[in-house]
Amino acid sequence: MYYINPSTWWIGGVLAAVLANFPIQCTEGEATIFNPPPGETCGSYANPLVAQMGYGYITNPDATSDCGYCQYANGNEYLSTINIAPGDKWRDFGIFLAFVISNWALVYFFIYMVRVKGFTFGMGPLFGALGKGVSSVKGLFKKKEQKQDQE
């Protein structure tokens with residue numbers, strides 16, 4: 001269901017266009033705080049691990065305590081966690097546009113087929129029965145109203 005929802009493609013395209021290459025600066029409350037072993041700086045201790053992971057950065061690489069690790073350095077790193085690539089913005093827009101155009105065409109097709117050609121798509125008996133049911137319920141209320149007016 002995820003891939004047949006047009007909102008998936010709209011939001012993916014918008015996020016890819018807006019967040020691509022957007023620099024991320026973590027505040028103190030957003031960064032993960034840790035202490036390096038004695039005699040090492042935050043950068044010398046954690047930079048090899050950060051480089052191996054391929055995303056994030058150390059907020060204070062020269063400090064010897066209270067090191068901060070920010071999970072994302074830019075919008076591309078965040079987008080990769082939600083399976084969106086910055087280069088997909090036009091593809092996502094095209095898929096969304098295909099949804100819009102096909103829905104527009106289907107609306108006009110069905111309006112033409114029902115209103116102009118008079119097709120019921122097999123629903124005539126169903127709607128005929130429903131119409132009779134609604135009419136009979138309305139008739140009950142009209143009888144009650146007439147009865148109250150006479151009293």
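Quick look at the numbers
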read-out: Option label - Kirkwood radius over Cα pairs in Å computed here, alternatives (i) 16.2; (ii) 16.9; (iii) 21.7; value: (iii)
read-out: The chain: angle of helix 124-150 to the longest principal axis, Cα-based, in degrees nearest 10; value: 70 degrees
read-out: Net lengthening on full extension, residue 103/residue 66 (0.36 nm per residue, minus Cα-Cα); value: 7.8 nm
read-out: Per-residue Cβ neighbour rank within 10 angstrom, fewest leading, 142, 89, 117; value: 117, 142, 89
read-out: Only Lys, Arg (+1) and Asp, Glu (-1) charged, at Cβ; the stretch 50-138 dipole about Cα centre in debye; value: 1160 debye
read-out: Helix 89-111 axis, angle to the chain major axis (alpha carbon atoms, nearest 10°); value: 0 degrees
read-out: Simple Cβ-charge dipole of the stretch 6-95, Lys/Arg +1 and Asp/Glu -1, about Cα centre, in debye nearest 20; value: 380 debye
read-out: Cα-centre dipole for the chain with unit charges at Cβ (Lys and Arg positive, Asp and Glu negative), debye to 20; value: 1820 debye
read-out: Cα-based helix-to-principal-axis angle, 6-19 vs the chain, degrees rounded to 10; value: 30 degrees
read-out: Relative contact order of the stretch 43-99, pairs being alpha-carbon contacts under 8 Å that are 6 or more residues apart, as %; value: 22 percent
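Taken together, the values in this text are just the output of simple stated rules run on the coordinates, not laboratory data. Values in this document were obtained by computation on a predicted structure and should not be read as measured data. Every residue, glycine as well, gets a Cβ built from its backbone with ideal geometry; the counts of neighbours run over all protein chains shown.
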